[in-house]
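Visitor: Here it is, the structure in full.
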Amino acid sequence: MPIKVTFVCLGNICRSPMAEAVFKHKIKQSGLERQIEVDSCGTGSWHVGEEAHPGTQRILQQHSIPYEHTARRLSQVDLSEANYLIAMDKQNIKDILRSGPTRAEVGLLLDYAPELGIHEVPDPYYNNRFEEVYQLVNAGCDGLLAHIRKKEGI
Ligand code: 4NP
């Protein structure tokens, strides 16, 4: 069974779809596609069924990262099947834990990149700073991948 990593944000249109695409790209470059499965979801339902925000799409295109996304809401299946539930901010963590019990490792993406000194990925839905978010997400994904490889022995 592959290790399942699910990124979580509020709307599942800006930050977590970006993290999903960036992390998938790194998994592919590392030749770990068969060992690690990646997806994303949101704690809110307003944007379910929508594609990624145009700002997220533009940034991913600029960095030549492939993506494909339809927004969906966090479900009980995520709680029971994910090995890692990786949140963008502290409110996401609260909302995940409030949704039910999970055996997944629940963490903040940027806690895997402690050198940044920033714990939460700011929401670009309100400030449009998608490039700044990309830089943070990219560093967080590097740290997360190193953590998973070490913990899982892959
Ligand atoms: P995301 O950004 O959580 O990074 O996808 C947001 C998208 C939509 C809303 C808030 C944040 N919203 O309030 O609709």
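Visitor: Taking the criterion of being more than 19 Å from Gln57 (Cβ to Cβ), part of a loop (DSSP other than H, G, I, E, B), out of contact with any Phe, Trp or Tyr (no Cβ under 6 Å at 6 or more places or on another chain) and within 16 Å of the ligand (Cβ to nearest atom), would at least one residue in the stretch 136-153 satisfy it?
Guide: no
Visitor: When you check Glu37 against the structure, is it in contact with a Pro (Cβ under 7 Å, 6 or more places away or on another chain) and within 28 Å of Leu97 (Cα to Cα), yes or no?
Guide: Judged against the criteria, Glu37 is a match.
Visitor: State which residue pairs qualify: first residue within 14 Å of Ile154 (Cα to Cα) and touching a residue at least 60 places away in the same chain (Cβ under 8 Å) and inside the stretch 17-40, second residue assigned to a helix (DSSP H, G or I) and aromatic (Phe, Trp, Tyr) in any location, beta carbons under 9 Å apart, and separation of 6 or more residues or different chains.
Guide: These pairs meet every condition: Ile36/Phe23.
Visitor: Within the stretch 110-135, how many residues turn out to be assigned to a helix (DSSP H, G or I), farther than 21 Å from Val38 by Cα and away from the ligand (no atom under 16 Å from the Cβ)?
Guide: Number satisfying all stated conditions: 3.
Visitor: Something else about it: Restricting to the stretch 117-134, name every residue that is farther than 14 Å from Asp89 by Cβ and surrounded by 13 or more Cβ atoms within 10 Å (Cβ to Cβ).
Guide: Once the filter is applied, which keeps residues that are farther than 14 Å from Asp89 by Cβ and surrounded by 13 or more Cβ atoms within 10 Å (Cβ to Cβ), the stretch 117-134 yields Arg129, Phe130, Glu131, Glu132, Tyr134.
Visitor: For the stretch 49-84, how many residues meet the condition of being among the β-branched types (Val, Ile, Thr) and without any contact (Cβ under 8 Å) to a residue 12 or more places away in the chain?
Guide: The qualifying residues number 1.
Visitor: Out of (1) more than 16 Å from the ligand (Cβ to nearest atom); (2) of a type in the set (Gly, Ala, Ser); (3) part of a loop (DSSP other than H, G, I, E, B), the odd one out for Gly107 is which?
Guide: Result: Gly107 passes all but (3).
Visitor: Are any residues in the stretch 112-122 in contact with a helix residue (DSSP H, G or I) (Cβ under 8 Å, 6 or more places away or on another chain) and free of Cβ contacts under 8 Å to residues at least 60 places away in the same chain, and if so, which ones?
Guide: Correct list: Tyr112, Ala113, Pro114, Glu115, Leu116, Ile118, His119, Glu120, Pro122.
Visitor: Could you figure out which of (1) in contact with a strand residue (DSSP E or B) (Cβ under 7 Å, 6 or more places away or on another chain); (2) surrounded by 19 or more Cβ atoms within 10 Å (Cβ to Cβ) isn't true of Gly55?
Guide: (1)
Visitor: Restricting the search to the stretch 88-110, which residues are surrounded by 17 or more Cβ atoms within 10 Å (Cβ to Cβ) and under 15 Å from Val121 (Cα atoms)?
Guide: Residues satisfying the conditions are Met88, Asp89, Asn92, Ile93, Leu108, Leu109, Leu110.
Just so you know, all these numbers are worked out from the coordinates, no wet-lab data involved. Quantities reported herein were computed from a predicted structural model and do not represent experimental measurements. All Cβ positions, even for glycine, are placed from backbone atoms using ideal geometry, and neighbour counts span all protein chains on display.
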